[in-house]
1. I need a count of the residues in the range A:79-107 that are farther than 19 Å from residue B:111 by Cα and within 10 Å of chain B (Cβ to nearest Cβ).
2. May I ask you to list the residues in the range A:150-165 that are under 16 Å from residue A:138 (Cα atoms) and outside any helix (DSSP H, G or I)?
3. If you go through the range A:177-209, how many residues are within 14 Å of chain B (Cβ to nearest Cβ) and part of a helix (DSSP H, G or I)?
4. Which residue, of A:286, A:306, A:366, is in contact with a helix residue (DSSP H, G or I) (Cβ under 8 Å, 6 or more places away or on another chain), surrounded by fewer than 21 Cβ atoms within 10 Å (Cβ to Cβ) and closer than 28 Å to residue B:62 by Cβ?
5. Kindly state which helices (runs of 4 or more DSSP H) lie completely within the range A:335-454 and contain at least 2 residues that are at pLDDT below 70.
6. Got at least one residue in the range A:106-117 being assigned to a helix (DSSP H, G or I) and either at positive phi or surrounded by fewer than 17 Cβ atoms within 10 Å (Cβ to Cβ) (or both)?
7. Taking the condition part of a helix (DSSP H, G or I) and free of Cβ contacts under 8 Å to residues at least 12 places away in the same chain, does residue A:474 pass?
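The values are calculated or read from the model by the stated rules, or taken from the named source; none is laboratory data. The model shown is predicted, which means the values in this text are computed figures rather than measured ones. Note that each Cβ is placed from the backbone with ideal geometry, even for glycine, and that neighbours are counted across all protein chains shown.
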């Protein structure tokens, strides 16, 4: 045992506490390098303290408590000594009391110390009322730290009395401590609030500042209670030169402005003035924050926004990372209101994406959505992508990119000197990107962002899908080393989405997927590593193999190659279905996939796709097969049966069932093929077995898969006030039936007279006609019989438009196919507008950039408007919000307190704000008096400032408004309801 | 809103002062200190900002020699404003100890708590004037 430790143990009694504490600290410091020794020493010290506490001497006890307060910092739970702390706390000697309070604050503040706190109440009361102001202030800060609900109950009254203490520093502390009381015991707020508000007029400025602090916190929880204070607070803001208080006032105003938008008129000019005149950056920042958080910025406040943006850009140009960071936060908020204005500065803002501060990088990801456009997406993605490259290789890539940046910068500089409004931007010093080692979590964020900004608004920003496919391939490749399985799943989902929406990329996609699943350069281990992405890839191969054969594959950036040679290469290189099945059969790992999460789903996708491919192969052979064809089909069929056999005994029921069903079907097909081959005899070709051509293949090919808006289902909800049980019109049904009869007759006529014209269409959609079943429509239809070709076309288009919106539209297979084609046509025209624009842009673009390509993007069924899409996203948001931070002050209790309710004296504040407002006479009188009072106080200042006259009006207004507020809210709710209903109508009316 | 806790750490992550304005358990405190140290010590202090996201709040910190002064504030608070609180605190410590160093804080931890108590009460800033605060602290010493 080390001698020093012995020394500590043998420490003589009666040593003065400073020395004892010093030796403890020194002892700890000596052992700080050896954690084992340190732990032993700490344990010994605590044991020793425990022993020492048995001594009755208060002097000694307080010394021990002080030591324990120090030891507490090393992470020990010291609540066992609570009662000793109380002993020391109640000592008449100030020295002891001080230590007692320190220990109480450090040790008793934890939860589960209610017993000790209860015993402490009396002592606290005594100290609060002590004639010694220092003791009193000790007690106040003690309360502020340890207050519990019971304590708040008992001690609130005593604290309020201190608001009128002769010493300002006591008043100041008392106000702040009262806030803690309100937090724990919200019901006391209505009783005590007036006295807190009175402190706004305290002669001592620091007391006023503290009061503003408290009101600011209170208003944050429930702003509507404090709107009536606005004129007073506004006066304070104009008079004071205490920046901290102004910051708090601004925060307060932004809370108030949320519930009383009319404050904006008065506040905004003043805040803007403040923003332009002050030197304190934190104040400028708070002004901007207040404007943004208080919803004071509308879309037509262009001037103010410009001012804010310029201020923020000023922050940005300073080399201070702190300013840059806060500025970025402010920009994110501004973006939501003024996208266009910010877009002008996208270059500067996007430079944050490769700032050397990772925090700034990460934060800037949030703003990218607003800044990205078709023109800059390639550079943006490159900036993001390069961060995924392993650290050692990053710099080499970055050097190239930074060189380009410098060129770019100079070029832009020359070009834009004549554009006055953008000169500023050019002055901004360009930054170069440095290699940074990033965490997997951030990596995932980057990948998520890449996908998000690229797929935004149905791929609106993608100049060329081959490029995007290349990006995704890069992501997969970069993910092979540092494995984040979610990324593979995300990418493969994205590939599926693309394959469904963008027909032109399907060929290249299938090629990519074949490489990923069966590629020669992929070892089995590589493929297993990619297990999360396999499901999507194999599905794409199965679904779009035909597109793969038909399309030519464009290798993105290398598309300058001679086209003819390329095509040749393509046909040579394309994998045939027998090859794929061959490869599939050799991949033994598939059976082991069920070891992974969702591995069984992957196996299901494999089975489905393999069988689908078989079908495709048969279709590709045509209706008449040669002997050779029969041979290969039979071989393929046998191979598949053999392959499926390994899944027939799978432990997973779904896999087993799927395998068994397909095996049986395959056996049927096998029989049919053998039968057909017998009939083949000498002839060169024979008709393919019917069961395959018009049975089996139909299973997979009859209808194309379409993109469906994921909010479609949610959007259709039954309005609450819609009563479906009572009939609106008793005769409606009989009228409807007769109308229907008419229409059906009509249909028959049209079908006969317009021979092939859309016979299927009409059959397919009787529901459409039910909707159009008015008299005039009937006439219209007969008009068609007089058939002007244009009219028919017009109506056809109209119908197609309607069908696009129709979520309930169910058709027979044939009809559906026709409609899809029709859809494609309309989409083509829409799309051509889009591409025309892009072609125009294309002329001005630099050669090294990615070429834009005209591409058809399928629209979602059920529309992809933003309201529809927002449904799931808000859900996600709210679920995130639920994650409560354990450090955040829980002010939820304050939210229920309504200071304006009539029963404020009773103190029963719970649930008041949900109730109706009853304006009784007493209250009206009170309001009148309040107004008068406000008028008087404001009039005093009116001599100095004529503006204040205005504030009287606002005061009167605001008081009234608070009364009306709940009603207004209801109205809003109704509005939003009716809005919702409207959107239902849109959907419903077509049904 | 307001300050949720104030922590002084040295470069090795050893706690020099911790003031919590919300009640949390002792194991959570320990975990928090560890996380904070990990978050902050890895940052480049010349090139990176003084703000770090931490759970659902924000850390505002400043380094003085080997010591990190860390405040935890909520996301809607003014980062720049609270960043100015740290130099205020340090300047007051500096005047009081006449050139403060880590050892002063270690051996006089109870005095540092007292000084902090004069600046922040229950998470709220009570004064921003250096002289007023210093006068109050000296008044204490006279009294004791």
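1. So the first thing to find is which residues in the range A:79-107 are farther than 19 Å from residue B:111 by Cα, and the list is A:79-84, A:86-87, A:90-92.
Keeping just the survivors that are within 10 Å of chain B (Cβ to nearest Cβ) gives A:79.
The qualifying residues number 1.
2. Listed by number, the residues that qualify are A:163, A:165.
3. Of the range A:177-209, the ones within 14 Å of chain B (Cβ to nearest Cβ) are A:177-184, A:196, A:199, A:202, A:204-209.
Narrowing further to those that are part of a helix (DSSP H, G or I): A:177-184, A:196, A:199, A:205-209.
Qualifying residue count, the range A:177-209: 15.
4. On the way: A:286 fails: surrounded by fewer than 21 Cβ atoms within 10 Å (Cβ to Cβ); A:306 fails: closer than 28 Å to residue B:62 by Cβ.
Going through A:286, A:306, A:366 in turn, just one is in contact with a helix residue (DSSP H, G or I) (Cβ under 8 Å, 6 or more places away or on another chain), surrounded by fewer than 21 Cβ atoms within 10 Å (Cβ to Cβ) and closer than 28 Å to residue B:62 by Cβ: A:366.
5. Numbers: elements: A:339-343, A:346-350, A:358-371, A:377-386, A:391-416, A:423-427.
Once the helices (runs of 4 or more DSSP H) in the range A:335-454 are filtered for at least 2 residues that are at pLDDT below 70, what remains is A:391-416, A:423-427.
6. Step one: list which residues in the range A:106-117 are assigned to a helix (DSSP H, G or I), which gives A:106-108, A:114-117.
Next cut, either at positive phi or surrounded by fewer than 17 Cβ atoms within 10 Å (Cβ to Cβ) (or both) only: A:114-115.
There is at least one residue in the range A:106-117 that is assigned to a helix (DSSP H, G or I) and either at positive phi or surrounded by fewer than 17 Cβ atoms within 10 Å (Cβ to Cβ) (or both).
7. On the way: part of a helix (DSSP H, G or I): yes; free of Cβ contacts under 8 Å to residues at least 12 places away in the same chain: no.
Considered against the rule, which asks whether it is part of a helix (DSSP H, G or I) and free of Cβ contacts under 8 Å to residues at least 12 places away in the same chain, residue A:474 comes out as no.
Conditions tested, residue by residue: (1) facing chain A (nearest Cβ under 7 Å); (2) more than 17 Å from residue B:19 (Cα to Cα).
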{"site": "B:103", "(1), (2)": "no, yes"}
{"site": "B:106", "(1), (2)": "yes, no"}
{"site": "B:112", "(1), (2)": "no, no"}
{"site": "B:116", "(1), (2)": "no, no"}
{"site": "B:119", "(1), (2)": "no, no"}
{"site": "B:142", "(1), (2)": "no, yes"}
